Amino acid sequence: MATLLISDLHLHPGAPAVTEGFLRWLDERARGADALYILGDFFEAWIGDDLLDLGDADPTGTAALAGRVAATLRSLADAGTRLYLMHGNRDFLLGERFARQAGATLLPDPSLVTLGDERVLLMHGDSLCTRDEAYMAFRAQSRDPEWQEQILAMPIPERLELARQLRERSGEANSNKAEDIMDVTPDEVVKAMHEHGVTTMIHGHTHRPAVHDLEVDGHAARRFVLGDWQPGIGWEIEAAPGHDLELRRFDLSS
């Protein structure tokens, strides 16, 4: 049976075509898979699992969307597919409650897994972008448990406004950054692969799907980069017994 890996869906109510395409993909492609890994930025923003309590009363529509997505994932899990969720830079507050509701397991970043006969390092990818010093400072803050506790203690309307402000600031900041600053630092990739003793890495985050050949400790190595999902377009990696890893773009429009 195959294992599938995806990343960077950025699900939100303003992009219904991506949500519908993803739900269709789950039913037509992922059903029957041995495992599904979602490597971060599953949602465009996540202010805490208590958002689910709002249901249709959530003014952003995210709670209703998340409830529908979780129910579909739960159906997949109940049918025998193991589900794993990794935090991204947009949904770092995704918690155990949502994971349980979806029938998924939260996965630390980074994580070592076995795909076929190979040990593979899975990451979201943002921690590799060390040349973006401003983002790395925010990343350190946003992953701090005390900071997260303070944010989650805020009333939901305040958190919604904070999420809106952070997305706005991120867009403005990124528009003024050089392209290479927002990509991974090559030395950081080699360092991570060396530390974990692997020759294959899979990540998302950069929205630059590709397979990169490199060398780690004198051995040939590969870095697979998953693409982001857009209306009509999705990206996956399939790992099947007896076959090499395959990065694939597919049509979500039908």
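The values are calculated or read from the model by the stated rules, or taken from the named source; none is laboratory data. Given the structure is predicted, the values throughout are model-derived calculations rather than measurements. Virtual Cβ from ideal backbone geometry, glycine too; neighbours counted across all protein chains shown. Each accessible area value is taken on the protein alone, full model and side chains, heavy atoms only, with ligands, DNA and RNA left out. Shrake-Rupley method; radii C 1.70, N 1.55, O 1.52, S 1.80 Å.
If you rank Arg74, Arg248 by how much accessible surface each has, with a 1.4 Å probe, what is the order from largest down?
Details: Arg74 85, Arg248 55 Å².
Reading off the accessible areas and sorting them downward yields Arg74, Arg248.
Give me the percent of accessible area attributable to carbon and sulfur for the stretch 21-145, probe 1.4 angstrom.
Values: 2400 of 4970 Å².
Its accessible area is 48 percent carbon and sulfur atoms.
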Checklist entry - Could you give the radius of gyration (one decimal) and Dmax (whole number) of the Cα atoms in the stretch 200-254, in Å? => result 12.9, 45
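State in Å² the accessible area per residue of the chain; use a 1.4 Å probe, count heavy atoms of protein chains only, and round to the nearest integer. Could the numbers behind the result be given before it?
Values: 11730 Å² over 254 residues.
Spelled out: the 1.4 Å probe surface of the chain, per residue, equals 46 Å².
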Next on the checklist: Just to be sure I follow: if Rg is taken over the C-alpha atoms of the stretch 123-254 and Rh is the Kirkwood radius over the same atoms, what is Rg/Rh?
Outcome noted: 1.03
Checklist outcome for this item: Karplus-derived 3J(HN,Hα) from phi for the stretch 38-53 (6.51 cos²θ - 1.76 cosθ + 1.60, θ = phi - 60°), whole Hz, x at Gly and Pro, runs 10, 9, x, 6, 5, 10, 5, 7, 8, 9, x, 5, 5, 4, 4, 5
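Protein chains only, probe 1.4 Å: how do Ser127, Ser142, Ser253 rank by accessible area, largest first? If you can, show how the numbers build up before the last one.
Values: Ser127 30, Ser142 0, Ser253 85 Å².
Putting Ser127, Ser142, Ser253 in descending order of accessible area: Ser253, Ser127, Ser142.
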Item to check | Bridge type composition, the chain - antiparallel percent by DSSP, nearest 5 | outcome: 50
Checklist entry - In the calculated pair distance distribution of the stretch 1-111, what percentage of Cα-Cα distances lie above 26 Å? => result 10
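If each DSSP helix of 4+ residues adds -39,500 (n - 2.57) and the sum is divided by the residues in the chain, what number results at 222 nm, nearest 500 deg cm²/dmol?
Result for the chain, helices only: -10000 deg cm²/dmol.
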Item to check | Hydrodynamic radius of the chain per Kirkwood, over alpha carbon pairs, in Å | outcome: 18.7
Item to check | Pairwise label distance in nanometres, Ala77 with His243, each label 7 Å out on the Cα-Cβ vector | outcome: 2.6
